[in-house]
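Colleague: If you scroll down you'll find the structure; I have some questions about it.
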Amino acid sequence: MRGGGPMLIGHYHSHPTGVAEPSACDAAAATGEGTLWLIIGSGKARLWRVRQGGAWRECFEPVPLCVTAPCAPGPASP
């Protein structure tokens, strides 16, 4: 990421006992306008984009997310 490597586009984490929505702690850690956050909670995955400014509940906007079936694992390497 430093020195011209891959660009960080977002973060992911889970709320094991909560919903898939940003928390006050998430808002406090939210930096980088437009950064994506994938949050898993209550059996759902939701995607959010950081918006700077405003109260903590206004720091994120929902982004449509389409989850498809996972790819089948490929053959093991020799």
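Every number in this text was worked out from the coordinates using simple rules, so none of it is lab data. Quantities reported herein were computed from a predicted structural model and do not represent experimental measurements. Don't worry about glycine lacking a Cβ; one is built from the backbone with ideal geometry, like all the others, and counts go over all protein chains shown.
Colleague: Per residue, how much space in cubic angstrom lies within the convex hull of the C-alpha atoms of the stretch 10-63?
Modeller: Taking the convex hull of the Cα positions in the stretch 10-63, it is 63 Å³ per residue.
Colleague: Can I ask one more? Using the alpha-carbon centroid of each, what span in Å lies between the stretch 42-63 and the stretch 1-39?
Modeller: If you average the Cα positions of each part, the centres end up 9 Å apart.
Colleague: Which length gain, in nm to one decimal place, applies between His11 and Glu61 when the Cα-Cα distance is subtracted from 0.36 nm times their residue separation?
Modeller: Separation in residues times 0.36 nm, less the Cα-Cα distance, equals 16.5 nm.
Colleague: So what is the relative contact order of the chain, in percent, for Cα pairs below 8 Å that sit 6 or more residues apart?
Modeller: Relative contact order comes out at 25 percent.
Colleague: Would you compute, from DSSP H runs of 4+ residues alone, the mean residue ellipticity of the chain at 222 nm, taking -39500 (n - 2.57) per run and dividing by the full residue count, rounded to the nearest 500?
Modeller: -1500 deg cm²/dmol
Colleague: So, with +1 on the Cβ of K and R and -1 on the Cβ of D and E, and no other charges, what is the size of the charge dipole of the chain about its Cα centre, to the nearest 20 debye?
Modeller: Approximately 100 debye in magnitude.
Colleague: Shifting gears a bit: Can you tell me the length gained on complete extension of the stretch Ile40 to Val19, counting 0.36 nm per residue apart and subtracting the Cα distance?
Modeller: Working it through step by step, the gained length comes to 6.8 nm.
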